[in-house]
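Read-outs: derived from the displayed coordinates by stated rules, not from any lab. Predicted model, so just to flag it, every value in this text is computed and none were measured. Cβ placement follows ideal geometry from the backbone for every residue including glycine, while neighbour counts extend to all protein chains displayed.
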Amino acid sequence: MGNKLVQISLAGAPHPEVAHSRESMGPLGPQSSASSGKTFYLETFGCQMNVHDAEKVAGTLIARGYRPVERHEEADLILYNTCSIREKAGEKVFSRLGALKKHCRKSPKVIGVLGCVAQQEGERIFERAPQVSLVCGSASYTKLPDLLDQLEAGNRRVTGLDLDTDECFETELTRRDNPFRAYLTIIEGCDQRCSFCVVPTTRGPERSRPSNKILAECRRLVDEGYTEIQLLGQIVNAWEDASPRRLRFAELLARVAEVPGLRRVRFTTSHPRYFTPEIVQAIETHPTLCDQIHLPVQSGSTRVLSRMLRGYSREEYLAKIDCIRPARRAISISTDIIVGFCGEAIEDFEQTMTLLDAVEYDQVFSFKYSPRPETAAVGFEDTIPEEEKGQRLARLQEHQRRIQLRRNQAAVGQEFEVLVESYQPRLGQSVGRTTSNRVVNFPGAPEWVGRSMQVRVTAAGPNSLVGVRADQAGSGGMTP
Ligand code: SAM
């Protein structure tokens, strides 16, 4: 969601406070000794889909006998799973590769670039970074075992760059990094061709997984102890059932929510064009479906939206919001916004500012427009100077900060069910989330991670809430 830059190393325990049990790692365990004794380091940049791809890549490697390590210095195989959604994100991997150069002269390694930069730059990566041996886009991850065979046989350079695929990366070999929340991709790729976005060229065409496989995976995840599932897709609600059941997206949500043992189900990212009232009805009827919808608008100006090829106007977007707001359960709404898109006049930007007031989002992920190769918008004139983009972004973020503060302050005095995700020993605080995805900090204990508890909110900032366990609210919130 919002493509928050996530950087994870899959080498360590999934959570500082929780031992990673074998069960929580899924059906792994070395199945091949072909690479026994070899180690890998995998670093991921980008969105949740990248994080989940990395979990599957790690699972594939572990099943071949590779062992994850925490530092690239200790690894035989170094992999960077990359993001190219904006220029800055794309350049990150090259600075990593530059820093590696000196180190690798002393101790040779096999280095691979995976994901969106791999797909976008292809074999040009070998010219820019000759120390790289493997370049593989996400649409070719099913070929990873073959590519690893070739590398282990001594091939110097191997690539997986085919985009012409109707396959999803189906694997049970997933090394999930969180002991209670599991990501589950239901649709890969993107066919939308928004004029600013590189995703269709880096992730290939849309491929939906059949509902029977999705539901079977959900049941397996519950058996393995996961209580929260996050369904993923670049356009998650463009999912189409390839099975004879022909479920609609809202029906799939309902079926997943009914899997016994699941406590929370989230889904991201929804596209306004495919957003239907049935999705809201599914949330209203199934308490397991979290009361949260991420619905990227990108701009509040119909003129800009039409240049972005988003397929809806400001009014049509607001009509979608109008069918969410009256829901029986209050549903929190978040969005993504791009400022300074080609030709965005100040009047267009002001329309985005008024949209913030019209919707009153609970969270906004906002970005300066960054021209990307092979998108329609590279043919448009990038008319807004960087400095102006920065000023618009700052204004937008400050305005939204005030909206969030006001909305969060309205929660003071209320009680919420919070699923505890981590513990901060230095502060003695547990950190968890409400089903509406608000972060809550409260006096806690390490063993509460993974548990659900009622928390009364006592204070609020723009980005998080502070509280106390409801059953301790009268006692000053002391830990037991
Ligand atoms: N597929 C989703 C969609 O279209 O709504 C999300 C795609 S992307 C991973 C997340 C966000 O990055 C987008 O919603 C958009 O706001 C932002 N983004 C995409 N391309 C961008 C660009 N060229 N410059 C700046 N931000 C961009």
Exceeding 18 Å between C-alpha atoms, which entries from my cross-link table qualify? They are K38/K109; K320/K389; K88/K368; K38/K92; K88/K143. K320/K389; K38/K92; K88/K143
Across the Cα atoms of segment 141-269, what radius of gyration and what greatest pairwise Cα-Cα distance (Dmax) are found, in Å? 16.4, 49
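Considering only DSSP beta bridges where both residues belong to the chain, give the percentage that are antiparallel (nearest 5). If you can, show how the numbers build up before the last one.
Numbers: 25 of 69 bridges.
For the chain, the DSSP antiparallel bridge percentage is about 35.
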Given a Förster distance of 45 Å, the FRET efficiency implied by the Cβ-Cβ spacing of R156 and S243, rounded to the nearest 0.05, works out to 0.60
Once Lys and Arg get +1 and Asp and Glu get -1 on their Cβ, which of G343, V57, F442 lies farthest toward the positive end of the dipole of the chain? F442
For F267, the residues 5 or more places away or on another chain with a placed amide H closer than 5 Å to its own amide H are L231
Three principal axis lengths of segment 274-327 [C-alpha, angstrom, descending]: 38, 16, 14
With each run of n ≥ 4 DSSP H residues scored as -39500 (n - 2.57), what mean residue ellipticity at 222 nm is computed for the chain after dividing by its residue count and rounding to the nearest 500 deg cm²/dmol? -9500 deg cm²/dmol
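Explain nothing, just the number: dipole magnitude of the chain about its Cα centre with +1 on each Lys and Arg Cβ and -1 on each Asp and Glu Cβ, in debye rounded to the nearest 20.
Working: 62 positive and 61 negative charges, 173 e Å.
For this selection, approximately 840 debye.
Tell me the trypsin sites (Lys or Arg not before Pro) within segment 384-479 that lie in a loop according to DSSP and have at most 14 other beta-carbon atoms within 10 Å. Can you show the working numbers first?
Numbers: sites: K389, R392, R395, R401, R402, R406, R407, R426, R433, R438, R451, R456, R469; in loops: R426, R438, R451.
The qualifying sites are R426.
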Positive-end extreme of charge dipole, the chain - chosen from L427, A99, H72 (charges on Cβ): L427
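Which value results when the Cα radius of gyration for segment 410-463 is divided by 2.2 N^0.38 Å?
Values: Rg = 10.4 Å, N = 54, 2.2 N^0.38 = 10.0 Å.
Rg over 2.2 N^0.38 Å, computed on Cα atoms: 1.04.
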List T434, T82 from most exposed to least, where exposure is judged by having the fewest other Cβ atoms within 10 Å. T434, T82
Of F45, F180, how do they rank once you tally other Cβ atoms within 10 Å and put the fewest first? F180, F45
With charges set only on the Cβ (+1 for Lys and Arg, -1 for Asp and Glu), what does the dipole of segment 350-473 come to about its Cα centre, in debye to the nearest 20? 480
Kindly put M308, M49, M453 in sequence by how many other C-beta atoms sit within 10 Å of each C-beta, fewest to most. M453, M308, M49
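If you build the convex hull over the alpha carbons only and average its shadow over all orientations, what do you get for segment 195-284? Give it in nm² to one decimal.
Values: hull surface 26.2 nm².
The orientation-averaged projected area of the Cα hull of segment 195-284 comes to 6.5 nm².
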Using modelled amide H (1.01 Å from N, peptide plane; none on Pro or chain starts), what sits under 5 Å from the amide H of I111, excluding residues fewer than 5 places away? I78, S133, L134
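Once Rh is set to the Kirkwood radius over Cα pairs, what Stokes-Einstein translational diffusion coefficient, in µm²/s, holds for the chain at a temperature of 20 °C and a viscosity of 1.002 mPa s?
D = 91 µm²/s.
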